[in-house]
Amino acid sequence: MPIQRLGLDIDGTVTSPQTFLPYLNSSFNRKLSLPDITQYNLANLLNISQTEFFEWLKKNEESIYANALLAEDAHPTLEDWKSDYELFYISARGNHLLDTTKNWFTLNKVPYHHIELIGKHDKIDAIIEHNVDVFFEDKHDNACAIAEECNIPVILFDTPYNQGPVPARVERLNNWSEAKSWIHFYTKNGRA
């Protein structure tokens, strides 16, 4: 089956997984670096309640997302892909952040064909609805569920917070250069 549509998570995938660090360090008087982020649940990592974390996020999310760091090599890779594939971004961000998100894409010249902010981590329905052929993710349980339930390849960008075993259709890669090579090989050979 030829690849036509790439599904892409935004945070920690197209944006750098280090984006939140300065905000966390400043707000919670920490000196965290990426290797310290060993779990996805930041409330647990910070030893605060989920309620406290979500209140903090609600107050800071617009600024964080408006100023997010672009992941290394994401831009040239996506730029190369924009004429060969449809780029569909499916994110757990709430839809109230759509203008902020689109402004960030425009400011950073990140190509896209569609952006959908679904407000939850479960992206399976959106992936099926949009007939995504390959998905790019940084959240471990999402990557595993998408691969198994949608029966598509998933690129899981390796981070300290997404360790653990993965099913056969999940390909753990380190960066966008590796993702570009993987897509090229998969397109030519029908598998990686």
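Brief remarks on what is shown
- Residues within the range 85-109 that are more than 17 Å from Glu137 (Cβ to Cβ), touching a helix residue (DSSP H, G or I) at 6+ places or on another chain (Cβ under 8 Å) and among the charged types (D, E, K, R), tallied: 1
- Answer residue from the range 162-181, given it is of a type in the set (S, T, N, Q) and in contact with a helix residue (DSSP H, G or I) (Cβ under 8 Å, 6 or more places away or on another chain) and is surrounded by the most Cβ atoms within 10 Å (Cβ to Cβ) among those: Asn162
- If you check His130, His96 for being in contact with a Gly (Cβ under 8 Å, 6 or more places away or on another chain) and farther than 21 Å from Leu34 by Cβ, only one passes: His130.
- Restricting the range 81-103 to residues that are more than 17 Å from the chain's Cα centre (by Cα) and among the polar types (S, T, N, Q), the residue that is farthest from Ile118 (Cα to Cα) is Ser83.
- Within the range 146-182, the residues that satisfy the criterion of being under 16 Å from the mean Cα position of the chain (by Cα) and among the aromatic types (Phe, Trp, Tyr) are Phe157, Tyr161, Trp176.
- Scanning the range 152-161 for any residue that is crowded, with 19+ Cβ neighbours inside 10 Å and touching a Pro at 6+ places or on another chain (Cβ under 6 Å) turns up at least one such residue.
- Taking the criterion of being basic (Lys, Arg) and in a loop (DSSP other than H, G, I, E, B), the residues of the range 18-59 that qualify are Arg30, Lys31.
- Residue in the range 111-121 that is basic (Lys, Arg), at pLDDT 95 or above and either over 22 Å from Ser181 (Cα atoms) or not assigned by TED's automatic domain parsing to the domain that holds Glu62 (or both) present: no
- Within the range 182-192, the residues that satisfy the criterion of being surrounded by fewer than 20 Cβ atoms within 10 Å (Cβ to Cβ) and touching a strand residue (DSSP E or B) at 6+ places or on another chain (Cβ under 9 Å) are Trp182, Tyr186, Ala192.
The rows are residues; the columns are (1) outside the structural domain of Asp122 (by TED's automatic domain parsing); (2) within 21 Å of Asn142 (Cα to Cα); (3) basic (Lys, Arg); (4) modelled with pLDDT under 95.
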position: Asp9; (1), (2), (3), (4): no, yes, no, no
position: Asn25; (1), (2), (3), (4): yes, no, no, no
position: Phe28; (1), (2), (3), (4): yes, no, no, no
position: Ile37; (1), (2), (3), (4): yes, yes, no, no
position: Glu55; (1), (2), (3), (4): yes, no, no, no
position: Lys58; (1), (2), (3), (4): yes, no, yes, no
position: His75; (1), (2), (3), (4): no, no, no, no
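- Hits in the range 39-61 - residues which are hydroxyl-bearing (Ser, Thr, Tyr) and surrounded by 13 or more Cβ atoms within 10 Å (Cβ to Cβ): Tyr40
The values are calculated or read from the model by the stated rules, or taken from the named source; none is laboratory data. Source: prediction; values computed, not measured. For neighbour counting, all protein chains shown are included, and Cβ atoms are generated from backbone atoms with ideal geometry for every residue, glycine included.
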